[in-house]
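The values are calculated or read from the model by the stated rules, or taken from the named source; none is laboratory data. Predicted, not measured: the structure shown is a model, and the values here were computed from it. Positions of Cβ are backbone-derived with ideal geometry, glycine not excepted, and every protein chain shown enters the neighbour counts.
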Amino acid sequence: MPKSFNKVIYKPDVHSPDTFQVIVEDSVVYKKWKDGDKTIPLTDIVDSFQVFHSDQGTQGLLGQASKQQLENHFGTHKDVDVVVAILEKGELQHATNKEGYSTTNDSKQGVNTVSSGGHRAGGR
């Protein structure tokens, strides 16, 4: 059975496919925070301060947002400031398969690649 979770999705521009997402630990606590109870620590709301980005809409491939993408859309790359902006302006959604989230380099982990100029046999 797929694992379910909650996420907050923020789309900076309705005409752009760019979306930014954070994983929410507890949707009830998030709703209280969004309704004005700012005494709730962010660590009680979000699973982590990792921000995911997709340029293919809410159902597209997700990767960790780069500092440049965060600067361009939020005016900062500080994770706390970006997460607060996403939580304040975004929309809560329920989703499944948390395992589907990855960083942009996860696909390369465990793969031994050699560049065309690399030494393959270690000879002279």
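Looking at (1) at pLDDT 90 or above; (2) of a type outside the set (Phe, Trp, Tyr); (3) in a loop (DSSP other than H, G, I, E, B), which one does Ser48 not meet, given that it meets all the others?
(1) is the only condition that Ser48 fails.
In this structure, is Glu88 farther than 17 Å from Ser16 by Cα, at pLDDT below 90, acidic (Asp, Glu) and not in a strand (DSSP E or B)? Walk me through how you get there before you give the answer.
Values: farther than 17 Å from Ser16 by Cα: yes; at pLDDT below 90: no; acidic (Asp, Glu): yes; not in a strand (DSSP E or B): yes.
Considered against the rule, which asks whether it is farther than 17 Å from Ser16 by Cα, at pLDDT below 90, acidic (Asp, Glu) and not in a strand (DSSP E or B), Glu88 comes out as no.
Which residues, taken from the stretch 67-77, are touching a helix residue (DSSP H, G or I) at 6+ places or on another chain (Cβ under 8 Å) and not in a helix (DSSP H, G or I)? First the steps, then the outcome.
Within the stretch 67-77, the subset touching a helix residue (DSSP H, G or I) at 6+ places or on another chain (Cβ under 8 Å) is 70, 74, 76-77.
Correct list: Thr76, His77.
Quick check: is even one residue across the stretch 31-43 of a type in the set (Ser, Thr, Tyr) and at pLDDT below 90?
Going residue by residue through the stretch 31-43, those that are of a type in the set (Ser, Thr, Tyr) are 39, 43.
Subsequent filtering for residues that are at pLDDT below 90 retains none.
Scanning the stretch 31-43 turns up no residue that is of a type in the set (Ser, Thr, Tyr) and at pLDDT below 90.
Within the stretch 13-24, which residues are outside any strand (DSSP E or B) and buried (at least 16 other Cβ atoms within 10 Å of the Cβ)? First the steps, then the outcome.
Keep residues of the stretch 13-24 that are outside any strand (DSSP E or B), which gives 13-18.
Within the stretch 13-24, Asp18 is the sole residue that qualifies.
Do we have any residue at all in the stretch 31-40 that's touching a strand residue (DSSP E or B) at 6+ places or on another chain (Cβ under 9 Å) and assigned to a loop (DSSP other than H, G, I, E, B)?
Just the residues of the stretch 31-40 that are touching a strand residue (DSSP E or B) at 6+ places or on another chain (Cβ under 9 Å), to begin with: 31, 34.
Cutting the leftovers down to assigned to a loop (DSSP other than H, G, I, E, B) gives us none.
No, the stretch 31-40 contains no residue that is touching a strand residue (DSSP E or B) at 6+ places or on another chain (Cβ under 9 Å) and assigned to a loop (DSSP other than H, G, I, E, B).
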